[in-house]
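Asks: Here it is, the structure in full.
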Amino acid sequence: GMVLAVHGGQVVDVDGGPVLPFMMNMTNPFHPSKSLSFAHVLFLGFSLTYADTAGLRGYIGQDVTQLGRYYAKTKFGCITHCDSSDFTGIDGILGLGMPDAALASIPEPLFFALSDETGDPANQYILNRRIFTLVGTDSAAELHLGGFDPHSTKQDMKYIRTTSPAEYSVPVSSISLGGHEFLNFASAAQAAGRTSIPGILDSGT
């Protein structure tokens, strides 16, 4: 799905360590009260904890959400509590994950909502090809929708079948860079009766 920092949310300090608290005043939050089409659809809210123990809490909203020229009416998470300084200066989190891995309260991630042909035509301009590409350097990044710009890559794009319907994972037997092998998973794969292990492709980890 997608989660946005929401105006009026509470700043939660982190106790017992040198980690700086999340600074809400350094974000550009979404203002539900300024949208005529916003609806608060789930009053129970949501709670997320990431692998680095960063925690987010909030409630579920629904509105017409736009990404580039594409838009659709969909549900998303509205963050009201955050306990990690890693989110300072960040306005929200764009979820591009698979529906099978989504929260039950947000059944259709934004990327899938923007390419859902069964939605209301009056409230959407959909992406015809359900493909996205992330390209980046140490200082900048781009999100390409519907495919990729061939001028952004030095070599031809290679396609690999994923190993799971719930995540972007590909079979990996080893990892090399510049002709030097850094990691080899042959032993771990053989112990599981396989020739490779699933490698998850995640821009946030």
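Asks: Probe 1.4 Å, all protein chains in place: accessible area of THR137 in Å², nearest 10?
Replies: My reading of the accessible area for THR137 is about 100 Å².
Asks: Would you mind calculating the relative contact order of the chain from Cα pairs under 8 angstrom and at least 6 residues apart, reporting the percent as a whole number?
Replies: Over the chain, the number comes to 17 percent.
Asks: Let me cross-check LEU183: its accessible surface, 1.4 Å probe, with only protein heavy atoms counted, in Å² to the nearest 10?
Replies: 90
Asks: State the Cα centre-to-centre distance between region 77-125 and region 145-170 in whole Å.
Replies: 21
Asks: Let me know the whole percent of all Cα-Cα pairs from region 69-117 that are separated by more than 16 Å.
Replies: Result: 48 percent of Cα pairs exceed 16 Å.
Asks: Quick query: amide H of GLY199 versus all other amide H atoms, modeled in the peptide plane; which residues come in under 5 Å with a sequence gap of 5 or more or a different chain?
Replies: Counting only residues 5 or more places away or on other chains, the set is VAL170, VAL172.
Asks: Let me ask something additional. Going by accessible area, probe 1.4 Å, with all protein chains left in place, what is the ranking of ILE160, ILE60, ILE93, largest first?
Replies: The ordering from most to least exposed comes out as ILE160, ILE93, ILE60.
Asks: Using heavy-atom solvent-accessible surface (probe 1.4 Å) with all chains present, what is the largest-first order of THR153, THR49, THR65?
Replies: Numbers: THR153 45, THR49 105, THR65 15 Å².
Largest accessible area first, the list is THR49, THR153, THR65.
Asks: Accessible area, 1.4 Å probe, largest first: how do LYS75, LYS154, LYS34 sort? Don't skip to the end; give the middle numbers.
Replies: Working: LYS75 75, LYS154 210, LYS34 160 Å².
If we order LYS75, LYS154, LYS34 from most to least accessible, we get LYS154, LYS34, LYS75.
Asks: Averaging over every viewing direction, what projected area does the convex hull of the Cα atoms of the chain cover, in nm²?
Replies: Computed as one quarter of the Cα hull surface, the answer is 15.2 nm².
Asks: Roughly what % of Cα-Cα distances in region 97-196 sit above 22 Å, to the whole percent?
Replies: 53
Asks: Given R₀ = 45 Å, FRET efficiency for SER35-ALA191 by Cβ-Cβ distance, to 0.05?
Replies: Details: r = 53 Å, r/R0 = 1.17.
Computed FRET efficiency for SER35 and ALA191: 0.30.
The values are calculated or read from the model by the stated rules, or taken from the named source; none is laboratory data. Since the model is a prediction, treat every value here as computed from it, not as a measurement. Counting neighbours? That spans all protein chains shown, and the Cβs are built from the backbone with ideal geometry, glycine included. Each accessible area value is taken on the protein alone, full model and side chains, heavy atoms only, with ligands, DNA and RNA left out. Shrake-Rupley method; radii C 1.70, N 1.55, O 1.52, S 1.80 Å.
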